[in-house]
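Heads up: the structure comes next, in structure tokens.
The values are calculated or read from the model by the stated rules, or taken from the named source; none is laboratory data. None of these values were measured; they are calculated from a predicted model. Please note: Cβ atoms are built from the backbone with ideal geometry, for glycine as well, and neighbour counts cover all protein chains shown.
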Ligand code: ASP
Ligand code: MG
């Protein structure tokens, strides 16, 4: 019997009616002769609400307790789904992450899965039950509950699919798949039939919010085929798998954007060996994750260093930057929260020259100034003013012919 892992996101299980709809889908998959394991997210915005409550009680909640609290969202939806399936006359059983042996390290709020002991799941599948697992959580060897970071239910599903040797890991969400651009910005955006792991990793890292980045890494490392699709329709979604010859070899697969970053510039830094090292060491020690970095040409022995980071890390970064400025005798620092990053992603870029030039021409012809640039072999990102993000994404989508015929 084929094993199918299905993951349903928070909107897909947002209320009683939607939970019943999910239950019907799950039972139908089982009736087609599959062994079905379902991973659920918390209902709707339960996680946000739990975070709000925690901070209302304690500005700095102990991380261990924070994880105990947050994991309850998924525990609730998994039990409700098991009840909904039972109401349809099909045997089902729900488990927490700890109960099915999702073993993690002890990094509370963003723990990493180190081992999956799916023994109990296999026993229940053999009994003919549908198994529901609460997503986003695991347990340490010391039996403390952990959570896997926002969006972590995707990673739970991929880890179970890998461990169980599932044929496919279906990720049900409120969009129909992976699109060539965010359809809210580009109404003509097209659903992609297939994308490679490498492209999906770049897309997830540069603003496509459909899959948690870590779940794509896990899928690539363990060769788990993902099918991202909507729980509100029967249409096929997007398959994420190893890139190969048979894949549609588009030069560009998509345009992503991210308005969640801010830019920091440290002005008048003495230009000598070790300076960049000390700047980024101080930031790293405060666990500030830096994305793009630019060091300008130096003038009379001084230079400016700019970098981007998640807006939510900005206040922590400001403290670190103040220390750096004092330590290095720099002239000061400036901060800009009104930026956006626009990125072109495509495996065909490796072998096609001129993509960067075309991207810069498109931005220039729309009067958009480029503040920073960074590239990998299959992506080009530009930082621009936030107000131009819509225009930039639409113009790039058009110029690279992503809407198709
Ligand atoms: N409920 C968690 C979150 O909102 C995990 C998930 O949905 O994947 O981030
Ligand atoms: Mg999600």
Residue among 373, 378 that alone is out of contact with any helix residue (DSSP H, G or I) (no Cβ under 6 Å at 6 or more places or on another chain) and surrounded by 12 or more Cβ atoms within 10 Å (Cβ to Cβ): 373
Report, by residue number, each residue of region 83-121 that is under 28 Å from residue 216 (Cβ atoms), outside any loop (DSSP other than H, G, I, E, B) and touching a strand residue (DSSP E or B) at 6+ places or on another chain (Cβ under 9 Å). 94, 95, 102, 103, 104, 113, 114, 115, 116, 120, 121
Condition met for residue 334 (within 21 Å of residue 254 (Cβ to Cβ) and surrounded by fewer than 14 Cβ atoms within 10 Å (Cβ to Cβ)): no
Which one of these does residue 58 not meet: (1) in contact (Cβ under 8 Å) with a residue 40 or more places away in the chain; (2) more than 16 Å from ligand 2 (Cβ to nearest atom)? (1)
Scan (1) away from ligand 1 (no atom under 16 Å from the Cβ); (2) surrounded by 15 or more Cβ atoms within 10 Å (Cβ to Cβ) for the single condition residue 141 breaks and write down its number. (2)
If you scan region 144-181, which residues turn out to be more than 15 Å from ligand 2 (Cβ to nearest atom), modelled with pLDDT of 95 or more and either out of contact with any strand residue (DSSP E or B) (no Cβ under 7 Å at 6 or more places or on another chain) or part of a strand (DSSP E or B) (or both)? 144, 145, 146, 162, 179
Note on region 1-36: residues in a strand (DSSP E or B), more than 16 Å from ligand 1 (Cβ to nearest atom) and surrounded by 24 or more Cβ atoms within 10 Å (Cβ to Cβ) are 36
Could you say which residue among 43, 50 is within 11 Å of ligand 1 (Cβ to nearest atom), in a loop (DSSP other than H, G, I, E, B) and either surrounded by 14 or more Cβ atoms within 10 Å (Cβ to Cβ) or touching a residue at least 24 places away in the same chain (Cβ under 8 Å) (or both)? 43
Members of region 146-167 found to be more than 14 Å from ligand 1 (Cβ to nearest atom) and crowded, with 24+ Cβ neighbours inside 10 Å, listed by number: 161
Search result, residues across region 201-224 that are within 17 Å of residue 153 (Cβ to Cβ), within 16 Å of ligand 2 (Cβ to nearest atom) and touching a helix residue (DSSP H, G or I) at 6+ places or on another chain (Cβ under 6 Å): 204, 211, 212, 213, 214, 215, 216, 218, 219
Looking at region 343-355, is at least one residue on the phi > 0 side of the Ramachandran plot, exposed (fewer than 14 other Cβ atoms within 10 Å of the Cβ) and either in contact with a helix residue (DSSP H, G or I) (Cβ under 7 Å, 6 or more places away or on another chain) or modelled with pLDDT under 95 (or both)? yes
In region 187-205, the residues that are buried (at least 22 other Cβ atoms within 10 Å of the Cβ) and outside any helix (DSSP H, G or I): 192, 195
